[in-house]
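Enquirer: What follows is a single structure, and I will ask about it in a moment.
The values are calculated or read from the model by the stated rules, or taken from the named source; none is laboratory data. Small disclaimer: the values here were computed from a predicted structure and weren't measured. So basically every Cβ, Gly included, is an ideal-geometry build from the backbone, and we count neighbours across all protein chains shown.
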């Protein structure tokens, strides 16, 4: 988690440093390729910042919701497991008593 933040911070510093140098430089000394490079980095920096501000929080929220749902399911399983076991034993007891009743009526 620290590595992407450090990379983002370095990219931000480089972008701001380039903007500061570009402002201080005289107009006639800039080569033709520099605006293309700055546009390239500006576009990518903008897409990265859009990802960090819009998409990443939504993905983190979805991950958090998924983990909460898993916790709820685990708690429900722990609470319902004894009830399910008791229901199973009661149903098996009911069926066995019905079978015994059917056998005794058949013999009589």
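Enquirer: Kindly check whether there is at least one residue in the range 74-92 that is closer than 30 Å to residue 4 by Cα and part of a helix (DSSP H, G or I).
Expert: Taking every residue of the range 74-92 in turn, none turns out to be closer than 30 Å to residue 4 by Cα and part of a helix (DSSP H, G or I).
Enquirer: Let me ask something else. Would you confirm, using the coordinates I've provided, whether residue 99 is modelled with pLDDT under 95, in a helix (DSSP H, G or I), over 23 Å from the mean Cα position of the chain (by Cα) and surrounded by 10 or more Cβ atoms within 10 Å (Cβ to Cβ)?
Expert: Taking the combined requirement at face value, the residue satisfies it.
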